[in-house]
Amino acid sequence: MNDINIEEIKKHWIKTSDDDFKTINNLFKSKSYNWALFVEHISVEKLLKALYVKLNAKHAPTIHNLYRLAELCKLDLTDDYSDWLDTITSFNINARYDDYKREFYNLCTKEYTELWIKRIKELRKWIELKL
């Protein structure tokens, strides 16, 4: 555990995040909007974990709360980005748990998903600048 290769771990998080982002586009095209939003969460989470690894020279914590990951990276968040991270984190919960799935599915229209894909692209670029 002491001999971890920080650069390789960071690259892994970035590559898998990029792969997930490609998946988002495919899910959107197939009209699987709820799953596209779920994978959006994963894509951003992985970029934040890459940044955490870079900044802290250790493995990222096994948490999924994007706002908390941003805090651990000491990011200076705008109010919008803070709100966006909270909402995107909810995609993770809403897509997984049956109690929330139907309500979330109904929320995930083409327009709603397009809006969040646009926001995710913006967040990803912002995080990538810090990598």
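Across the range 104-115, in residue order, what do the Karplus-derived ³J(HN,Hα) couplings come to in whole Hz, using 6.51 cos²θ - 1.76 cosθ + 1.60 with θ = phi - 60° and x for Gly and Pro?
These are the phi-based 3J(HN,Hα) values: 5, 4, 5, 6, 7, 7, 4, 5, 4, 5, 4, 4 Hz.
Per residue, what volume in Å³ does the convex hull of the Cα atoms of the chain enclose?
101
What nm distance separates the two modelled labels at N56 and N106, each placed 7 Å from Cα along Cα→Cβ?
The two pseudo-label positions are separated by 3.9 nm.
Can you compute the FRET efficiency between N5 and S30 using 1/(1 + (r/R0)^6), with r the Cβ-Cβ distance and R0 = 35 Å? Round to the nearest 0.05.
Once rounded, the FRET efficiency stands at 0.45.
When only C-alpha pairs under 8 Å and at least 6 residues apart count, what is the relative contact order of the chain, in percent? Don't jump to the answer; show the numbers that get you there.
Working: 137 pairs, mean separation 38.1, N = 131.
RCO, the chain: 29 percent.
Would you work out the Kirkwood radius for the range 15-61? I mean one over the mean of 1/r across all pairs of different Cα atoms, in Å.
Working: mean 1/r = 0.0900 Å⁻¹.
One decimal place: 11.1 Å for the Kirkwood radius.
None of the figures in this text is laboratory data; all of them are computed from the coordinates on show. This is a predicted model, so every value here is computed, not measured. Using ideal geometry, Cβ is built from the backbone for each residue, glycine included, and neighbour counts are taken over all protein chains shown.
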